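Reading through the structure tokens given below for one structure.
Every number in this text was worked out from the coordinates using simple rules, so none of it is lab data. Note that this is a predicted model, so its numbers are computed, not measured. Note: ideal-geometry Cβ built from the backbone for every residue, glycine included; neighbour counts use all protein chains shown.
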Amino acid sequence: MKLSNLSNPFKRPIALKFAAIAIAVLLMQGGVAIAARHAGAKHAPAAAAAAPAGEVEEGNTPTPSRRHGKHPAAPSIPLNQIHVFGDRPAPFALNARSAFLIDSQSGDVLYAYNEHDKMQPASLAKMMTFYLTLEALKQKRIALDTQIPISEAAWRLSLNDSVSRMFLQVGQRVDVKDLIYGLMVSSGNDAAVALSEYLAGSTDAFADQMNKKAQEIGLADTHFTNPDGLPSDNEYTTAADMVKLGHSLVQHYPEALDYTSTKEFTFDKIKQRNFNTLLFYDSRVNGIKTGHVAEAGFHLVASAASGDLKLISAVMGTPSMEKRRVETDKLLDWAFRTYTTVSPDWHKAAPDHLRVYKGSVDQVAIAPAGGTPYFTVGHGDETKMSLAATIPQKWLVAPLPKGTEVGTLSIMIAGKPISSAPLVTQADIKEGGIFHRMMDSLRLKL
């Protein structure tokens, strides 16, 4: 139909009828679409839920880059600016804005660059939501079968196709266990909101708890504003802090890996595969969490184990889902090929007690911090190493708190310390009586 035909007085009624019919059809289509969204995720997301993990993109912002699954390549980092354990030359640079890798048993940093650069955490924020949920379970404030009511705020996120979700329905009551899987496998923003509202009363109050726990753990360069990682101006983290969070999570709650290693999760007949696609390619990998936001790129914090070596890495700001998997796998595989973890008998190198003066007792037990000491060495160096203890003072003066560092255990190769662990006191030592202190003062002067 031409525009000129609408001005013809004889054809105008016919034209109006056709226009009215067209408008009615459009309204009906719009109504069907709206109804489908509000009818719930049981029906609308079936196609997306069934797609392979590599084809469904996790995200927290509806942007063109999210739709196409790619961001610009990360700036190239010179090899001489990459720290590698043992002063080895850097094997490669990653296509990522920052990276950080540790031996989770020894704590040694194996590979690092730009690890303190701040960026949006995206769904990595859910690691802290997960942490606080596991803490609440341990404290018996909730149980795995506790029923959590789903609010309108959580439900609305399940209707938002620009964010990852587990497709909760308003008014549902969902087990904590299902919400945890929805949080860490499906990366559900709706699950994060539901858990945070129940545990703290509101998402803002929960964010305060997240930041308090971040301070306790020592995340100096991290600040959260919500439980799901939706971007905001005052939300940021670093690769180093995310590795520290992942390490604390696994150390305090080993069961965390039971959730994060799960490859798929079904809720309300909707099956979703884990966004951490590395789980499907490398059997050594057992978690932990992915994240994506337009301005920062694609992140992956990974945990992996093989033989005596356990690793935790953060590769952040890659240009695509595929790159975060490939670059993380490259880093982990290199570490497994290059290093191992040893735990020699430390009693052969250090005493297990030190003399104490002016105290309620005359000696105190000492041991490596954390109990059994672990050290990182290169493959092939196990037969070349020796263990040495450095204890600056052979005696101590009370009072002394438990955990006071009194020396260092070091793995030596060719006379050079490679990896170290602190020796600490194993008990609080209070001051002795006045007469005892006077006698010990005289002894110290002799």
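Things worth noting here:
- Peptide packing: for 319-325, 135-141, the average count of neighbouring Cβ atoms within 10 Å per residue gives the ranking 319-325, 135-141, highest mean first.
- Sorted largest first, the principal axis extents computed over the alpha-carbon atoms of the stretch 63-172 equal 57, 41, 18 Å.
- Distance between the 7 Å Cα→Cβ label points at Lys263 and Glu431: 6.4 nm.
- Global form of the stretch 251-395, assessed from the alpha-carbon gyration tensor, a/c cut-off 1.5: prolate
- Prolate/oblate/rounded label for the stretch 272-334 (Cα gyration tensor, a/c 1.5): prolate
- Ordering of 107-120, 183-196 by burial proxy (mean other Cβ atoms within 10 Å per residue, highest first): 183-196, 107-120
- Links that overshoot a 23 Å alpha carbon limit, given the list Lys244/Lys310; Lys212/Lys323; Lys138/Lys177; Lys213/Lys289; Lys271/Lys310: Lys212/Lys323; Lys271/Lys310
- Cα-centred dipole magnitude for the stretch 53-340, charges only on beta-carbon of K, R (+1) and D, E (-1), debye, nearest 20: 380 debye
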